[in-house]
Amino acid sequence: MKKASIWLLIGLFLLQAACSLPFVITGAADEVPEASVDDSSVIEKILEPLVRKTPTPHLTTSSRLQQADYALFAGDLDAAIQQFQEIYDGQADEEVSASALLGLGKAYYMRRSYSAAIDAFNRLLGQYPDTAAAKNAYFLLGESYFDLGEYAQASSAYAKFAELNPGAIDDIARSYQGNAALAAGDYNQAIFAYQAALPSAAPASANQINLQIGKAYASMGDHT
């Protein structure tokens with residue numbers, strides 16, 4: 001009987017403490033009516049809100065990817081790299097792993113760690129070639145190769161991006177392909193890429209593209 005009275009007092013104390021109300025334990029334990037403590041359901045109702053465990057927050061894979069993307073957007077590259085790597089290491093789903101590798105490559109590219117970016121993109125393309133992330137990886141792969149001076153590989157990557165994403169940014173992808181091919185000395189490929197860029201290019205861009213075509217012909221010795 002006394003034990004039940006003590007539990008009831010503890011429950012009341014915790015409830016009042018949660019509401020920041022003063023409470024002093026006195027000899028009231030002996031004054032609790034016996035009828036009120038015989039009903040165990042009363043005690044359970046009092047203590048339940050206090051002893052119920054708060055569920056441990058569980059981040060879904062989607063929310064973890066969003067957090068990593070946010071870190072990337074905010075410029076916290078170390079956090080982004082760590083989070084994308086952890087997602088990649090702990091996932092079996094192809095689309096999730098591919099997205100994590102794409103984010104990892106983006107973070108390395110933004111850090112100007114182009115070799116590491118190329119490694120991440122190539123792992124993505126080698127392991128998950130049929131995913132949506134793979135289609136988008138080719139453009140930044142081309143950028144990474146170009147910034148390293150690997151112009152032939154950059155041209156091929158831009159061309160693959162345009163092939164897999166028709167109508168997306170054809171003028172930009174093909175123009176970049178042409179620039180890379182021109183830098184690599186592959187003038188025929190450069191002319192082909194520039195001409196492929198013309199139909200979707202804005203007038204101002206078309207003028208620049210035609211100028212690049214002229215440079216390619218001039219480099220071939222075809223001044224006419």
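Quick check: residue separation of Tyr70 and Arg111 times 0.36 nm, minus the Cα distance between them. What number comes out in nm?
Values: separation 41, 0.36 × 41 = 14.76 nm, distance 1.56 nm.
Gain in length upon complete extension: 13.2 nm.
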Taking R0 as 30 Å, what FRET efficiency do you get between Glu94 and Ala206 from their Cβ-Cβ distance, rounded to the nearest 0.05?
0.15
Can you sort Phe139, Phe84 by solvent-accessible area, 1.4 Å probe, largest first?
Phe139, Phe84
Give, in nm to one decimal, the length gained when the segment between Ala79 and Ala168 is fully stretched (0.36 nm per residue of separation minus the Cα-Cα distance).
29.0 nm
With 10 Å bins from 0: P(r) over segment 142-224, alpha-carbon pairs, percent
23, 51, 25, 2
Here D for segment 75-224, in µm²/s, from Stokes-Einstein with a Kirkwood Rh over Cα pairs at 10 °C and 1.306 mPa s, works out to 99 µm²/s
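The values are calculated or read from the model by the stated rules, or taken from the named source; none is laboratory data. Since this is a predicted model, take the numbers as computed values, not measurements. We place every Cβ from the backbone using ideal geometry, glycine too, and count neighbours over all the protein chains shown. Please note that ligands, DNA and RNA were not included when accessible areas were found on the heavy atoms of the full protein model with its side chains. Shrake-Rupley method; radii C 1.70, N 1.55, O 1.52, S 1.80 Å.
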